[in-house]
Amino acid sequence: MFRWTPTKIVALLCLLLAMVGSVGLSVMMASVASRNKLAYTDRVEDGQPPEVALGIALGAFRGVFVNFLWIRANDLKQDGKFFELNQLAEAITKLQPRFPRVWVFHAWNMAYNISVSTQTRSERWYWVQKGIDLLRTKGIVANPNDMLLHKELAWIFLHKIGGITDDANRYYKMKLADEWTTLLGQPPARDFKDRSREHAIEQMVAFLQPIADAPRDLSDVIAKTPLVRTLLDRIQSEVGDHGAIGQDSLADADAIMTLLRRYELIQAVQRSASGKIAEETMSARMKAMLAMVRDPALKPAWDAYLPFARRYLLETRYNMDPGQMIRYVKKYGPIDWRVAASHALYWSAQGVERGLLRVSKPAEKDFDFTNTDRIVIQAVQDLYRYGQTYFDYLGFNLGAGEMFLQIPDPIFAQTYADIMQELVARSKWDTADRAYTMYAAGYENFFTDVVLYFYRLGMLDLAEKYYRHIATWSGMNLNDPDRARKFSVPLEEFVMAQLAERQRSPNVAVSEVTASLLGAFASLLAGDDAQFRSQMDYAAKSHGYFMQLQRNASAVDTANARMDVMEPDFRIQAGAVFVQFMSLLGLDQAAAVFKAAPDDLRRFAYDMVEERFRDPENKELAVNGERFDSLFAEPTGMAEHRAMIEAYRKRKSEQNVKQLESK
């Protein structure tokens, strides 16, 4: 017979309390999981690997099964079986979508391991893109507030694409510039008559604002501008191959990207002096598209549809917010989205912002603000060093050339100073009571470069401003006993000392001289003669310092000095780099630079441009049908110049012959 004893009553009460508590905790945990998107997948979708179905079927034993898959994945990595590893890691991401490190592992494998195991640069780019897209459109979508995923995505942009460690890095940079020119259009040209930071930011905001303001739904676009329906119907019938672009439903992303590429190519053709020749070689589809672009009656439809299409792609294909892009432009500066550092900045800054919304004192160790902030500051540094891009979009797409050049954007020097205090305040490793911090060391090195840059541009007031700034900045490290003396000398003496010290390294010397020469030639494209001359002066000084300090005769090679990493004659060095620069340009840009350049540089480039741009059938004409001499007038003194070059080559040859005879 059942009897209620005090023990049984207490046990029953405990049971009831536990049941009530579990219900409350379940509701609370479900709410937390939903709010932070922490739920695992619980259903099998078509096309998923069989491991996913098996893992889901195992239920509570899923964790053990996933551990087995991780062990197997590590074995495949060690064996170099990257493609099998790729498939297995994809299965793990399906089973553990809220586990950030599986996304990082998978993306890193594609962007770094698999990419370098391929044989061509296009294959490498395919796998780098796969790694980026995995984090950008899947991993971060599944874990929108996870800082690690943002940091790793930013690092791929900063290091893999923006860096120089990969043999195909230049191709990556061009492909990124090509992709984002297609997506956003040709960015506004920098107004060199107004160098103010505020004006440049206003230009970029005005460029992006129509995209941010565009409707999200195509039906809203058509309702506001009915002519868009006519445009899309004509594109579908006359151009074709665009799927649902003409329907009320949102079009396929690839179809929209194809449409934007055709539109931007037509815009590039219309800007080109060789446009007539390009039009003659167009396909029927492109000619039909060209007619629609040129039709003034359709301009309102293009103006309404294009911002919508760009916003749709940004949000669905790239998981990026155009409004946030504008906010970052206002905060950091006139970001050019064709540059890898721009995307590194976007994702690292977004990761920090989202982390700040979630961090608490007990969970602080789970948020790597320090290293994510360091990517932010490194991205700003890269925007300073490579933030202005010159890219031949038309030539790259037609296979006619790969003109790509990145030069410094001094506007981001102020950005670096503005955000440093914000980053230091978040870092527990860079407190004021430390005698040495990494931020302070980087700050001094960066602004030393800034001083040298503005000095070589001839902007002595800004050079002096930043020189005084680093000399008096309160956050500087205290471990250098010579620092007070180093920053007490006049500006010119400081610059010369830094220049002399840096030129002792051959690699730095080549980089400095070549970069300043390219910057000088690029300024000719922008019509900035003052910048051209100051860059050339800096290149000559840098070259001269290196030759004075490091050019010592060698008994082994009498034709060359031990440190002849550059031509000892600066005229030859500058002329050779100018020929290389001109060889990257299309006809329009080459003609503009040639006309703006002084005669001594024109003489170096004339034979090259004649060979490349003169019509082989009609020597009077250029390849675009214009008179060749009107584009590239032969500079005076070409006979003497050719004789000088021939004598120089002969002298080098004779030195080599004498060396061989002496052995």
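Quick notes
- For segment 99-113, the set of residues classified as within 17 Å of Ile71 (Cα to Cα), buried (at least 21 other Cβ atoms within 10 Å of the Cβ) and either basic (Lys, Arg) or at pLDDT 90 or above (or both) consists of Trp103, Val104, listed by residue number.
- Each residue in segment 461-474 was checked for being over 30 Å from the mean Cα position of the chain (by Cα) and surrounded by 14 or more Cβ atoms within 10 Å (Cβ to Cβ), and 3 of them qualify.
- Matching option when the condition is assigned to a helix (DSSP H, G or I), of a type in the set (Val, Ile, Thr) and farther than 26 Å from Val380 by Cα, among Val141, Val102: Val102
Rundown of residues vs (1) in contact with a strand residue (DSSP E or B) (Cβ under 8 Å, 6 or more places away or on another chain); (2) at pLDDT 80 or above; (3) assigned to a helix (DSSP H, G or I), yes/no style:
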position: Val510; (1), (2), (3): no, no, yes
position: Ala522; (1), (2), (3): yes, yes, yes
position: Gln535; (1), (2), (3): no, yes, yes
position: Gly544; (1), (2), (3): no, yes, yes
position: Asn552; (1), (2), (3): no, no, no
position: Asp557; (1), (2), (3): no, no, no
position: Pro568; (1), (2), (3): no, no, no
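- Residues within segment 1-34 that are at pLDDT 65 or above, polar (S, T, N, Q) and in a helix (DSSP H, G or I), tallied: 2
- Looking across Lys160, Lys138, Lys151, Lys130, one residue alone is in contact (Cβ under 8 Å) with a residue 24 or more places away in the chain and closer than 12 Å to Tyr112 by Cα. It is Lys160.
- Among the residues making up segment 628-650, those that are among the basic types (Lys, Arg) and either touching an Asp or Glu at 6+ places or on another chain (Cβ under 6 Å) or exposed (fewer than 12 other Cβ atoms within 10 Å of the Cβ) (or both) are Arg649, Lys650.
- Qualifying positions in segment 579-619 - at pLDDT below 85 and among the hydroxyl-bearing types (Ser, Thr, Tyr): Ser583
- Any hit, segment 344-363, residues being of a type in the set (S, T, N, Q), in the same structural domain as Ala154 (by TED's automatic domain parsing) and assigned to a loop (DSSP other than H, G, I, E, B): yes
- Per this entry, Asp166 is counted among residues that are in the same structural domain as Thr120 (by TED's automatic domain parsing), part of a loop (DSSP other than H, G, I, E, B) and within 20 Å of the chain's Cα centre (by Cα).
- Residue check, Glu198 under 26 Å from Gln267 (Cβ atoms), in a helix (DSSP H, G or I) and either of a type in the set (D, E, K, R) or free of Cβ contacts under 8 Å to residues at least 24 places away in the same chain (or both): no
The values are calculated or read from the model by the stated rules, or taken from the named source; none is laboratory data. None of the values given here were measured: they were computed from a predicted structure. So basically every Cβ, Gly included, is an ideal-geometry build from the backbone, and we count neighbours across all protein chains shown.
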